[in-house]
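Taking it in order: structure first as structure tokens, then the write-up.
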Amino acid sequence: MRQADAVNRELFTENDKNMSLKEKLISSFMAFENNVDVDHPVHDVRTEAIKNFEAKGFPTKKEEAWKYTSLNSLQKVDFSIFPKQQNALEYKDVKKYFLHEIDSYKIVFIDGIYSSFLSETTHDGVDICLMSSALTKPMYKQIIDVYFNKVASKDESLTTLNTAFSREGAYIYIPKNKMPKKPVEIVHFATGNEAALMLQPRNLIIVEENAEVQIIERHQSLTSNEVLTNSVTEIFAAESAIVDYYKIQNDNATASLIDNTYINQKGKSNVNVHTFSFGGKLTRNNLNFFQNGEYMDSTMKGITILGEKQHVDHHTLVHHIEPNCESHQDYKGIYGENSTGVFNGKIIVDKIAQKTNAFQQNNNILISDKATINTKPQLEIFADDVKCSHGCTIGQLDEDAMFYLQSRGIPRREAQALLMYAFANNVLESVRIPELKTRINKLIAKKLGVNLGFDL
Amino acid sequence: MLEIKNLHASVEDKEILRGINLVVNPGEVHAIMGPNGSGKSTLASVIAGKEEFEVTQGSVSLDGEDLEDVAPEERAHKGVFLSFQYPVEIPGVSVTNFMKTAINESRKGRGLEDMPANEMLKLIREKSELLEIDRKFLSRSLNEGFSGGEKKRNEIFQMAMLAPKVAILDETDSGLDIDALRIVANGVNKLKSKDNAVIVITHYQRLLDYIVPDFVHVLHNGKIVKSGCKELAMELEEKGYDWIKQEAAV
Ligand SMILES: Nc1ncnc2c1ncn2[C@@H]1O[C@H](COP(=O)(O)OP(=O)(O)O)[C@@H](O)[C@H]1O
Ligand SMILES: [Mg+2]
């Protein structure tokens, strides 16, 4: 069997249309090996990972965690695994995808390739640069040994697929007591140079003791050509570190994203992840928190506003491993037209993790008869002295509230938008970059298709 | 100005209004009284255009125009205002933002430009002072956690902001202490002119001491069973509704 596979690999070339995406990826791995240092210890990790992916393949709807999200149609697309040529973009053409109201560090990729022209990296007291440097340069070797692939799953198939091809992405290292002067934006553009392109960025973020960082991440396709991004981000927050991570998912209708984020937190640290899902074709967010310490706080918030046939699947996991910690989850969803949503929030409280406070809330509004949401809390609590609360609601807009607004002269459509805006907007309270808050507010108003009569 | 003819309305096949006739002219104040469940709030909602109620017969018209197919927001643009018996709580929308949206949408509905920001602020300041509303109050979420009295005062503040032609005040006096009642009544009276009209729905003479009605109507079982002048309200206060019910039964 193994041997047969090896033979197959040689027979297939990247352009073979009859190959399944899995086969294509596996055969591409050999081409990939020609371009990386196979003697580097990281390559052992990659080799291990491709074996796992080869054994597991893409997840199917038979697996509980993928019950409501099918990757079948994506696997039928003939994705290019490596972009064939380097592309350039003018800043003025893509300015609107940056939080240009403020100054920021920027790590920008075009079709998976670093764009030094659009980027602004730094080594001034902190490292805000490239994963490709971190994975190859000797000066980073010690850190890579300690952190690379240490919190990411070694058996989840899409994560291992990314690990196998890990070469490029953002590398951020904030030493003890440091805080970069400005937020970091990680932006991935797809230009549509390939008919269909698969991207696998790999990010590593290490925030040492009492250090702090704010990161905004965005994936943006600029054409209607198909894009599939399978991204893995590992975040390590040491004692008393603060990490604010904002994910803006407002991509084109032909772009799909599988986001795998793994966070390892130590005592008294504070990690907040906000996910704004407004665009894209299929989006899967796997957000995993591991609390390795006491007195820490993990926050996961999300606003999802979908229409057309969009699909977003939020899978969160918080593993409370030690006592006296908190986690807060608040996801709001508004589903219109034929859109579908999933929220699956898993909380594990280990036996010794007493005095855990774990909160989870998922509220949804369906504004179309054809939209659906599947929401499910999954609590596995082994400690006895814990406070866990969870709630999920699925509703329509309150007709009494609608009539109240209409009776004041606000047309039905605007009244709907105002109520939806109000419903979602409290999630923004914890956004700590005011310009970003304004920007998200505007995106919400735009997504809801209204020009509200007040300043957002 | 407002003309209601043989109005019948039902909800879920249950008839609640059974033939109401009422004409309200500019400059007039009408009081509608009547026992609980007689249909007062339903009448108010039907005038404001709540779609939950189905008009099965008769009509409501404003300035000669039948309102049958007119949406609630368009009725508001034409000058209908309802002060709710139970104002709805809207978390996440501040009083100020709500008011700005309402004003500008109403202006849009009338083909006007947005109100300039400074003019808006001036108007908000003026009307909140009239109703003795604290500044801080305006940045709170609409009606959320407001006391009964605060909700009612906020309703009249909205009325002052929107300057309607016909205002229906549905039990605006309930939940108000005597000082608040005076402030609210004073607000309503200040807004009164020969060009607009007010319909006051109440159980108590108390409010009518401040907002003096030209006509008093008694609603019972979905019909106006008695109309008179302001003395009728005093009589009702003294004797209750039983005699009316008996009269109506005959
Ligand atoms: N949405 C509704 N569904 C069913 N019954 C209703 C509804 N609204 C009002 N009613 C009924 O109609 C009658 C009149 O109610 P209402 O107009 O609120 O009376 P009032 O304001 O005079 O106290 C009551 O019997 C009430 O239960
Ligand atoms: Mg009533």
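Under the rule a/c < 1.5 gives rounded, and otherwise a/b versus b/c splits prolate from oblate, where does segment A:88-403 land using the Cα gyration tensor?
Verdict is oblate for segment A:88-403.
Among the aspartates and glutamates, which fall within straight-line cross-link reach of A:K76, defined as a Cα-Cα distance under 13 Å, with same-chain neighbours fewer than 8 residues apart omitted?
A:D16, A:E23, A:E226
Top to bottom by accessible area (1.4 Å), largest first, where do A:H100, A:H274 land?
If we order A:H100, A:H274 from most to least accessible, we get A:H100, A:H274.
Over segment A:404-456, what is the relative contact order in percent, taking alpha-carbon pairs closer than 8 angstrom and at least six residues apart?
After rounding, I find 36 percent.
I'd like the FRET efficiency for A:N338 and B:R125, computed as 1/(1 + (r/R0)^6) with the beta carbon distance as r and R0 of 45 Å, rounded to 0.05.
0.45
Between B:S193, B:S227, B:S128, where does the largest GNM mean-square fluctuation fall for chain B, given springs only between Cα atoms within less than 10 Å?
With Cα springs under 10 Å in chain B, the top fluctuation among B:S193, B:S227, B:S128 is at B:S193.
Are any of the pairs A:K309/A:K332; A:K92/A:K446; A:K61/A:K84 more than 27 Å apart by Cα-Cα distance, and if so, which?
In this structure, A:K61/A:K84 exceed 27 Å between Cα atoms.
In nm, to one decimal, how far is the A:N72 label point from the B:D177 one, both placed 7 Å along Cα→Cβ?
6.8
With contacts defined as alpha carbon pairs under 8 Å and 6 or more residues apart, what's the relative contact order of chain B in percent?
28
Run the numbers on chain A and let me know its relative contact order in percent, using alpha-carbon pairs under 8 Å that are six or more apart.
Reported relative contact order: 9 percent.
Give the calculated FRET efficiency between A:K150 and B:R140 to the nearest 0.05, with a Förster radius of 41 Å applied to their Cβ-Cβ distance.
About 0.30, to the nearest 0.05.
Could you check the spin-label model distance between A:A88 and A:S368? Points 7 Å from the Cα along Cα→Cβ, value in nm.
Spacing of the two 7 Å Cα→Cβ label points: 4.2 nm.
Got a sec? Which residues in segment B:1-28 would a label at B:S227 touch, if it sits 7 Å along Cα→Cβ and we count backbone N under 14 Å?
Taking a point 7 Å out along Cα→Cβ of B:S227, the residues of segment B:1-28 whose backbone N falls under 14 Å are B:1-7, B:19-26, B:28.
To the nearest 100 Å², how much accessible surface do chains A and B cover up together, summed over both, with a 1.4 Å probe?
Answer for the A-B pair: about 2200 Å² buried.
From largest accessible area down, sort A:K446, A:K22, A:K176, B:K230; use a 1.4 Å probe on the protein chains.
The ordering from most to least exposed comes out as A:K446, A:K176, B:K230, A:K22.
On average, how many beta carbons from a partner chain sit within 10 Å of the beta carbon of a residue in B:66-75?
3
Given DSSP loops and a limit of at most 12 other Cβ atoms within 10 Å, what is the longest stretch of chain A that contains no such GluC sites (Glu not before Pro)?
No qualifying site falls inside A:102-307, the longest such stretch.
What does the extension gain come out to for A:S116 and A:Q354, with contour length at 0.36 nm per residue minus their alpha carbon separation?
That pair, A:S116 and A:Q354, stretches by 80.9 nm at full extension.
Only sites in a loop by DSSP and with at most 16 other Cβ atoms within 10 Å count here; which trypsin sites (Lys or Arg not before Pro) in segment A:289-354 make the cut?
Counting only loop positions with at most 16 other Cβ atoms within 10 Å, the trypsin sites (Lys or Arg not before Pro) in segment A:289-354 are A:K309, A:K351.
The values are calculated or read from the model by the stated rules, or taken from the named source; none is laboratory data. What you are looking at is a predicted structure, and each value in this text was computed from that prediction instead of being measured. For neighbour counting, all protein chains shown are included, and Cβ atoms are generated from backbone atoms with ideal geometry for every residue, glycine included. The protein model used for the area step is the full one, side chains on, heavy atoms only, and it has no ligands, DNA or RNA in it. Shrake-Rupley method; radii C 1.70, N 1.55, O 1.52, S 1.80 Å.
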